[in-house]
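K.L.:
Dropping the structure in here first, questions after.
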Amino acid sequence: MVIVAGQIFVDPAQREQYLAGCVGIVEQARRAPGCLDFAITADLIDQGRINVFERWESQEAVTSFRGSGPSEEQSTAMLAASVAEYDVAERSLT
């Protein structure tokens, strides 16, 4: 399993517009083969922070979906980003 997690920072005045532009990406990702979860959400405390969380069955699934990465418009809106991929083993807590 692969988890992609981190944060993106944008101008606080532009955060809602940025997130609105991500709706289609989230919908597409959740329909993608191998996607177990995909969320891009506003941080509750930092008005310029957007949290990213993705869970995929395999690295191949991530790579297949990811393609060329964020659009030029999204990349331009990002002031900074810290997002990483993690290979993990799953253990159920229930």
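The values are calculated or read from the model by the stated rules, or taken from the named source; none is laboratory data. Note that the structure is a prediction, hence the values are computed from the model and not measured. Virtual Cβ from ideal backbone geometry, glycine too; neighbours counted across all protein chains shown. What goes into the accessible areas is simple: the full protein's heavy atoms, side chains included, and nothing from ligands, DNA or RNA. Shrake-Rupley method; radii C 1.70, N 1.55, O 1.52, S 1.80 Å.
K.L.:
What fraction of the Cα pairs in the chain, stated in percent, has a spacing above 22 angstrom?
P.N.:
The answer is 28 percent, as a whole percent.
K.L.:
Right, another one. Calculate the dipole size of the chain relative to its Cα centre from +1 charges on Lys and Arg beta carbons and -1 charges on Asp and Glu beta carbons; express the result in debye to the nearest 20.
P.N.:
My answer is approximately 140 debye.
K.L.:
Tally Lys/Arg at +1 and Asp/Glu at -1 over every other residue whose Cβ is under 11 Å from the Cβ of Asp43; what's the total?
P.N.:
Combined, the nearby Lys, Arg, Asp and Glu give +1.
K.L.:
On to the next question. Please give the per residue accessible area of the chain, computed with a probe of 1.4 Å over protein heavy atoms only, in Å².
P.N.:
Result: 66 Å² per residue.
K.L.:
Now for a different question. Determine the share of the chain's accessible area contributed by carbon and sulfur atoms, expressed in whole percent, with a 1.4 angstrom probe.
P.N.:
With neighbouring chains kept in place, the figure for the chain is 53 percent.
K.L.:
Given the alpha-carbon gyration tensor of the stretch 39-94, what are the semi-axes of its equivalent ellipsoid in whole angstrom, ordered largest first, with each equal to the square root of 5 times an eigenvalue?
P.N.:
Semi-axes from the Cα gyration tensor: 24, 18, 8 Å.
K.L.:
Per DSSP helix of 4 or more residues, -39500 (n - 2.57); summed, then divided by the residues of the chain. What does that give at 222 nm, rounded to the nearest 500?
P.N.:
The helix contribution divided over the chain gives -8000 deg cm²/dmol.
K.L.:
What distance in nm lies between label points placed 7 Å from Cα along the C-beta direction at Glu90 and Glu16?
P.N.:
3.7
K.L.:
Under a 1.4 angstrom probe, counting protein chains only, how are Val62, Val26 ranked by accessible area, largest first?
P.N.:
Sorted by accessible area, descending: Val26, Val62.
K.L.:
Using a 1.4 Å probe, how large is the accessible area of Ile45, given in Å² and rounded to the nearest 10?
P.N.:
150
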